[in-house]
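The values are calculated or read from the model by the stated rules, or taken from the named source; none is laboratory data. A quick note: this is a predicted structure, and the numbers were derived from the prediction, not measured. As a convention, Cβ positions derive from the backbone with ideal geometry for all residues, glycine included, and neighbour counts pool all protein chains shown.
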Amino acid sequence: MFELLFYAVPALMIALAVFVLVRLLRRSREVRRAWNGGLTAEARCLRTYATTSGGGETSVSTTLHHVYEFTTREGRTVRFEESNGPGTTVEGDILTVHYAAEQPERATAHAPARGRLAAESGCLVAFFGVFIAGCVTFMVVAHSVFSLADGFLP
């Protein structure tokens with residue numbers, strides 16, 4: 001029963017890492033589609049707010065969120081929220097958003113920076129790949145140790 005802990009915890013960590021990686025890569029793909037969609041519109045920043053996480057014995061991180069609204073070329077009003085926007089954008093500001101015609105609700109106010117997006121995505125894949133490989137290695141070593149111990153214990 002104690003051995004299960006050495007398999008369950010790393011398996012849960014792997015599952016969480018894969019979940020986070022998939023979400024981050026999905027958003028990266030959405031931003032790339034918006035930039036490649038070729039459509040732009042003037043949007044108004046309706047609201048800005050910050051969220052914090054951490055505290056206590058861990059460092060506190062703050063994420064800035066913006067809520068934007070724009071009208072597509074077809075006349076549809078779209079409102080979307082985006083995190084990690086510029087701190088200089090405040091409520092009432094007008095700025096350009098990029099979107100794909102088939103998914104205007106997946107728009108982005110970030111200026112196109114394809115190289116940076118590719119580099120960030122590559123680094124995330126590398127980091128999570130090393131993390132997952134470390135968890136698998138831990139599980140293999142734990143399995144070997146428990147198998148070896150079974151041979152010596154009555």
Does the range 86-94 contain any residue that is modelled with pLDDT of 95 or more, outside the structural domain of Ile14 (by TED's automatic domain parsing) and of a type in the set (Ser, Thr, Tyr)? no
Looking only at residues in the range 63-85 that are in a loop (DSSP other than H, G, I, E, B) and under 18 Å from the mean Cα position of the chain (by Cα), which one is surrounded by the most Cβ atoms within 10 Å (Cβ to Cβ)? Gly85
Working carefully through the options Arg23, Arg47, find the one that is among the charged types (D, E, K, R), over 30 Å from Gly129 (Cβ atoms), outside any loop (DSSP other than H, G, I, E, B) and at pLDDT 90 or above. Arg47
Anything in the range 21-37 that is out of contact with any helix residue (DSSP H, G or I) (no Cβ under 8 Å at 6 or more places or on another chain) and of a type outside the set (D, E, K, R)? List them, or say none. Val22, Ala34, Asn36, Gly37
Whichever residue in the range 39-62 is of a type outside the set (Lys, Arg) and in contact (Cβ under 8 Å) with a residue 40 or more places away in the chain and, among such residues, is surrounded by the fewest Cβ atoms within 10 Å (Cβ to Cβ): Glu42
Only residues in the range 2-23 that are among the β-branched types (Val, Ile, Thr) count as the first member; pair them with residues that are surrounded by 14 or more Cβ atoms within 10 Å (Cβ to Cβ) and part of a helix (DSSP H, G or I), Cβ under 8 angstrom, at least 6 apart or cross-chain, and list the lot. Ile14/Ile132; Ile14/Cys135; Val18/Phe128; Val18/Ile132; Val20/Phe128
